Amino acid sequence: VSSHEQETLGDDSNYEAISSGPGSSANPQDTGVMMSWVDDIVDSQIPDNQNGENMLPPEEGNILEQSLSHAPKTSDGKVSSVKEMPLDGNESSVAANTQIAASQNEQKMAPPFKESVSQFSPVQPIVNQALNAEEVKSVYQDSYYRWNHPLRPVAPGDDGKDVPVFWRIPRSASGTVESIMSFCYRSVLASSMGTLAGHDQDQTLDVVTLGTGAQYVNVDMSRPDGIRRAKRLSLGSSGLVDIISTPFLFETAEVFSGIPESGKCFTLLRHPVNRAISLYHHYQVDESGNPNTAQYRGMSIDEFADQVAENNWMVRFLANKRSGSLNWHDLEVAKEVFGRKCLVGLVEKAEESLRRYERFFRWDKKVSNSDSKEQCLTQYFANGDKRKEHPTYEGTAAWEALRKKNEYDCLLYEFAEKLY
């Protein structure tokens with residue numbers, strides 16, 4: 001259990017202390033090269049306008065092919081389910097230790113509580129709706145349960161239930177995390193995958209099993225219109241989904257409006273400048289034909305840093321402010337979401353972060369064969385050791401230009417590091 005977890009269980013003192021501290025410019029450590037597993041193709045194309053739904057592409061390439069590429073493989077290269085994966089080594093002790101840690105963690109946690117009803121009327125989370133900071137906070141207040149309280153239900157008969165919601169940030173290993181949740185923990189996801197083969201026309205919710213063995217609810221949480229459909233079909237109270245994965249954390253709040261269930265946010269963060277540089281390198285090899293990304297192909301890093309329009313992606317999405325200028329109130333909204341509502345992990349500490357998620361959400365208890373689960377995780381972490389020899393450009397004019405363009409995100413990232 002981290003020092004942050006120990007200090008904040010049951011109150012907000014540590015959040016208040018951290019959030020009230022003075023802001024400073026981002027000063028990340030030099031990572032040398034960028035890990036290949038954080039550069040998943042499914043985290044790629046982000047059109048550069050700042051208007052609502054077009055901040056993310058309608059499609060992220062051949063999704064089924066991407067899912068197959070992330071699926072665990074057997075020695076002959078075929079896609080393998082967790083149950084079919086060969087056992088290698090004695091890793092049951094690891095699973096046992098995570099269960100012990102989870103038990104100890106739960107004992108230290110304060111009893112759950114019902115948050116007070118917001119003084120504001122229920123707000124429908126509409127993209128770029130003109131809401132002030134307090135109204136935006138009220139949306140999160142009413143729909144997401146506090147991250148530092150035990151996952152509900154804690155005991156039989158509990159009124160509330162928490163549904164894990166993974167906030168999917170592009171170019172931050174989100175595709176890998178989704179694959180781990182699907183193939184290693186055998187979770188049913190609500191993401192962008194469930195509407196393949198015409199399932200976006202289904203009139204009722206159902207679980208779709210792909211050829212890889214991965215299971216998805218037949219909704220599309222990668223687009224605001226898909227989220228609205230999920231709300232109409234009562235995804236939040238359906239009991240069908242283990243984990244929701246979406247880049248639209250604010251809009252997804254609507255899924256939990258007016259029901260006993262609440263979202264429980266978690267995310268994996270990458271330094272904003274490293275994420276922007278990863279985006280630059282992807283654009284140099286992107287052959288999708290997307291006009292919003294093709295314009296950057298062939299540019300130097302200095303040209304890209306000067307011309308790229310995307311800025312402060314995290315703060316904009318958390319504060320529901322996709323266009324226009326940002327201010328300190330928007331940053332404070334984003335910091336409060338992290339401080340009160342979201343369990344943060346870091347790409348630089350990816351394996352440790354995944355283990356933290358496992359303990360907190362009790363994923364290990366849902367897997368019948370802990371050895372197979374550990375083998376699956378080992379395979380993903382081993383693949384992460386293959387590096388793409390991309391320079392970080394730290395110390396250059398381009399790096400500093402990208403930092404300035406993403407200054408609010410850099411300050412939010414520094415805050416998240418303290419929380420972690």
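Laid out as a table, the results:
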item	result
At R0 = 41 Å, FRET efficiency that the Cβ-Cβ distance of ALA155 and GLU332 yields, to 0.05	0.70
Pairs from LYS365/LYS418; LYS161/LYS349; LYS231/LYS321; LYS137/LYS373 whose Cα-Cα separation, in the structure shown, is over 31 Å	LYS137/LYS373
Computed over region 163-241, Kirkwood Rh from alpha-carbon pairs, angstrom	12.8
Estimated Rh, region 245-328: Kirkwood, alpha-carbon pairs, angstrom	15.4
Pairwise centroid distance, computed over Cα atoms, of region 358-420 with region 285-338, Å	19
In Hz, Karplus ³J(HN,Hα) per residue of region 141-147 (6.51, -1.76, 1.60; θ = phi - 60°; x = Gly, Pro)	4, 7, 10, 10, 7, 4, 5
Percent RCO, i.e. relative contact order, over region 291-420, from Cα pairs under 8 Å lying at least 6 residues apart	40
For VAL208, residues with placed amide H under 5 Å, excluding near neighbours	TYR216, VAL217, ASN218
Region 340-355-region 168-240 distance, computed between alpha-carbon centres (Å)	22
Under 5 Å, built H, 5+ apart or other chain: amide partners of LEU269	GLY345, LEU346, VAL347
Ranked by how many other beta carbons lie within 10 Å on average, peptides 354-362, 136-144, 186-194, 279-287 from highest	186-194, 136-144, 354-362, 279-287
Charge dipole of region 275-420 about the Cα centre (unit charges at C-beta), most positive-ward option of ASN406, GLN307, SER372	SER372
Residue-by-residue Karplus 3J(HN,Hα) for region 176-183, coefficients 6.51, -1.76, 1.60, Hz, glycine and proline x	5, 4, 4, 5, 4, 5, 6, 8
Length added when fully stretched, GLN203-SER237, from 0.36 nm per residue minus Cα-Cα	10.6 nm
Sequence-distant residues sharing a close amide H with SER245 (under 5 Å, placed H)	PHE166, ALA190, SER191
Vicinal HN-Hα couplings computed from phi for region 234-251 (Karplus, 6.51 cos²θ - 1.76 cosθ + 1.60; Hz; Gly/Pro x)	6, 4, x, 9, 6, x, 8, 9, 8, 9, 9, 10, 7, x, 9, 5, 5, 5
Cα convex hull volume per residue for region 279-420 (Å³)	163
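FYI, it's all coordinate maths here, none of it is from the lab. The structure presented is a predicted model; accordingly, all values stated were derived computationally and were not measured. Neighbour counts are summed over all protein chains in view; Cβ atoms, including those assigned to glycine, are modelled from backbone coordinates with ideal geometry.
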